[in-house]
Amino acid sequence: MMLQHCVTCRTAQFYPRPICATCGSGDLVEIEPVGTGTVDSFTIVHRAEKPYVLARVRLTEGPIVLTHLIDIPAPYCDQPVRLVPGSDPQVFTE
């Protein structure tokens with residue numbers, strides 16, 4: 001997972017775009033995220049054989065990603081989470 005960082009307004013964004021969603025500048029560089037964030041919201045999906053947790057996570061850098069949570073028996077809002085290295089798609093855990 002890589003984020004874009006706007007050199008002009010110093011904000012980070014995810015998913016990659018040709019211009020900054022905040023200021024419209026095209027002066028963007030790729031940065032690697034710290035790999036931490038907090039759960040904004042989540043739901044437990046029971047449509048598969050094994051239920052899974054789908055969550056909206058606000059990264060430490062600011063962008064919000066929609067992702068899965070794993071190995072978290074009782075998720076809650078404002079819970080700190082970290083990116084599982086090498087996971088594709090991106091997955092977060094406690």
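The values are calculated or read from the model by the stated rules, or taken from the named source; none is laboratory data. This one's a predicted model, so the numbers in the text were calculated from it and none came from an experiment. Note that we place each Cβ from the backbone using ideal geometry, even for glycine, and neighbour counts take in every protein chain shown.
All of 45, 57, 53, 29 fail the test of being of a type in the set (Val, Ile, Thr) and in contact with a Gly (Cβ under 9 Å, 6 or more places away or on another chain), apart from 57.
Exactly one of (1) among the hydrophobic types (A, V, I, L, M, F, W, C); (2) within 12 Å of the chain's Cα centre (by Cα); (3) surrounded by fewer than 13 Cβ atoms within 10 Å (Cβ to Cβ); (4) at pLDDT 95 or above is unmet by residue 2. Its number? The number of the failed condition is (4).
Yes or no: residue 54 in contact (Cβ under 8 Å) with a residue 12 or more places away in the chain and exposed (fewer than 14 other Cβ atoms within 10 Å of the Cβ)? So residue 54 passes the test.
You will find that of 71, 27, 40, 88, the residue that is on the phi > 0 side of the Ramachandran plot and of a type in the set (Asp, Glu) is 71 and no other. Taken together, the residues in the range 1-14 that are assigned to a loop (DSSP other than H, G, I, E, B) and either touching a residue at least 60 places away in the same chain (Cβ under 8 Å) or within 12 Å of residue 62 (Cα to Cα) (or both) amount to 4. The strands (runs of 3 or more DSSP E) found wholly in the range 20-77 and carrying at least 2 residues that are more than 26 Å from residue 8 (Cα to Cα) and modelled with pLDDT of 95 or more occupy 36-45, 52-59.
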